[in-house]
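Q: This is the structure I want to talk about, given as structure tokens.
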Amino acid sequence: MLKEQELNALISLLDDPDEHVFSEIQAKLLSLGHNVIPLLEHAWENSFDPILQNRIENIIHKIQFDSIESLLLSWARSENQNLLTGILLVARYQYPDLDEKKIAKQIDQIKQDVWLELNNNLTALEKVRVINHILFEVHGFGGNTTNYHAPQNSYINNVLESKKGNPLSLSILYLTIAQDLGIPIYGVNLPEHFVLAYVDEESQFPVYGESHNKVLFYINPFSKGAVFSSKEIDAFLKQLKLPFEQTYYEPCPNVSIIKRVFRNLILAYEKLGYPAKVKELENLLAVLANA
């Protein structure tokens, strides 16, 4: 690692008009990773040169983006693809200085409130009613029907602050709370809508695949945790004129959930006209697809 004085000297040359010189300096700074960001930020704050500031911004963003790519790949290849870790990586794309401890504390508070209302004698349906009461009535979470396609709905920090989300983000919050409390609820990758499945704890089937007979019932967090059966999925698919597929009824792995978050964000930014963000998000989606 170069000394601070040497790094500052390198940064000061970022406004060099020679593209070859700039490219070499940029490559060197990028290779240093997160350690150089504070010095880059200090240089940006003390500069009045828009070219230098722009180049610094691009380098910082590139360092942060490369870090997310690397962490996302490690997450996808890990045995335990923790859902909260995955959705935090998504949020860090837009909010690189994300306060993850604050988010964990907010979720822990909701989880604590649910835990206080649970006991071993409750049926599966009664446990869901407890979660629904705490999440949607006590804490006031609900579907964002006004700005349904807004990218903010896909970032967990925004959802926790606004208490509004889309079907997928509300399901992720619901899942995180339920699974941490040992309640066997999993995501279901239904087309055009994301829902949850309560799995029979005594089922001899594996969680993913084989048969949806292991599912006791389904939950729709976007409708404040409304409970429904596979017959409603039958009708939904018929309405969409989609063929029957077993996967539309079965729990899906966490990596599939995070892939869907990226697809939602890509669609949202396409609608808003942000091609650069679309390209970056497609790259992150490709990381998961190729993991």
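The values are calculated or read from the model by the stated rules, or taken from the named source; none is laboratory data. Since the structure is predicted, the reported quantities are computational estimates derived from the model, not experimental observations. Every residue, glycine as well, gets a Cβ built from its backbone with ideal geometry; the counts of neighbours run over all protein chains shown.
Q: How do the pairs read when you match residues in the stretch 99-114 that are modelled with pLDDT of 95 or more with residues anywhere that are not in a helix (DSSP H, G or I), using Cβ under 7 Å and keeping only pairs 6 or more apart or on different chains?
A: From residues that are modelled with pLDDT of 95 or more, the pairs are Ile110/His139; Lys111/Leu181; Val114/Leu181.
Q: Where the second residue is among the acidic types (Asp, Glu) and at pLDDT 95 or above and the first is within 18 Å of Ile257 (Cβ to Cβ) and lies in the stretch 139-157, which pairs have Cβ atoms under 8 Å and are six or more apart or on separate chains?
A: If the second residue must be among the acidic types (Asp, Glu) and at pLDDT 95 or above, the pairs left are Asn157/Asp99.
Q: List pairs: first in the stretch 124-137 and under 12 Å from Asp113 (Cα atoms) and modelled with pLDDT of 95 or more, second of a type in the set (Phe, Trp, Tyr) and part of a helix (DSSP H, G or I), Cβ under 7 Å, 6+ apart or cross-chain?
A: Qualifying pairs under 7 Å: Ile131/Tyr174; Leu135/Tyr174.
Q: So Leu242 passes all but one of these: (1) exposed (fewer than 13 other Cβ atoms within 10 Å of the Cβ); (2) modelled with pLDDT under 95; (3) not β-branched (Val, Ile, Thr). Which condition number does it fail?
A: Every listed condition holds for Leu242 apart from (1).
Q: Within the stretch 137-159, how many residues turn out to be aliphatic (A, V, I, L, M) and crowded, with 19+ Cβ neighbours inside 10 Å? Talk me through it step by step, then tell me what you get.
A: Pass one, the stretch 137-159, residues aliphatic (A, V, I, L, M): 138, 150, 156, 159.
Subset that is crowded, with 19+ Cβ neighbours inside 10 Å: 156, 159.
The qualifying residues number 2.
Q: Hey, another quick one. Identify the residue in the stretch 254-291 that is assigned to a helix (DSSP H, G or I) and of a type in the set (Phe, Trp, Tyr) and, among all such residues, is farthest from Tyr174 (Cα to Cα).
A: Of everything passing the filter in the stretch 254-291, Tyr269 is farthest from Tyr174 (Cα to Cα).
Q: Do we have any residue at all in the stretch 29-41 that's in a helix (DSSP H, G or I) and touching a Phe, Trp or Tyr at 6+ places or on another chain (Cβ under 8 Å)?
A: Initially, the stretch 29-41 is screened for residues in a helix (DSSP H, G or I), giving 29-41.
Subsequent filtering for residues that are touching a Phe, Trp or Tyr at 6+ places or on another chain (Cβ under 8 Å) retains none.
Looking through the stretch 29-41, none of the residues is in a helix (DSSP H, G or I) and touching a Phe, Trp or Tyr at 6+ places or on another chain (Cβ under 8 Å).
Q: Only one of Leu284, Leu196 is touching a Leu at 6+ places or on another chain (Cβ under 7 Å), closer than 30 Å to Phe65 by Cβ, surrounded by 14 or more Cβ atoms within 10 Å (Cβ to Cβ) and at pLDDT 95 or above; which?
A: Going through Leu284, Leu196 in turn, just one is touching a Leu at 6+ places or on another chain (Cβ under 7 Å), closer than 30 Å to Phe65 by Cβ, surrounded by 14 or more Cβ atoms within 10 Å (Cβ to Cβ) and at pLDDT 95 or above: Leu284.
Q: Output the qualifying pairs, or none if there are none: Cβ atoms under 7 angstrom, residues six or more apart or on different chains, first residue in the stretch 234-263 and farther than 22 Å from Ser78 by Cα, second residue among the acidic types (Asp, Glu) and surrounded by fewer than 18 Cβ atoms within 10 Å (Cβ to Cβ).
A: Listed pairs, sorted by first residue: Leu240/Glu192.
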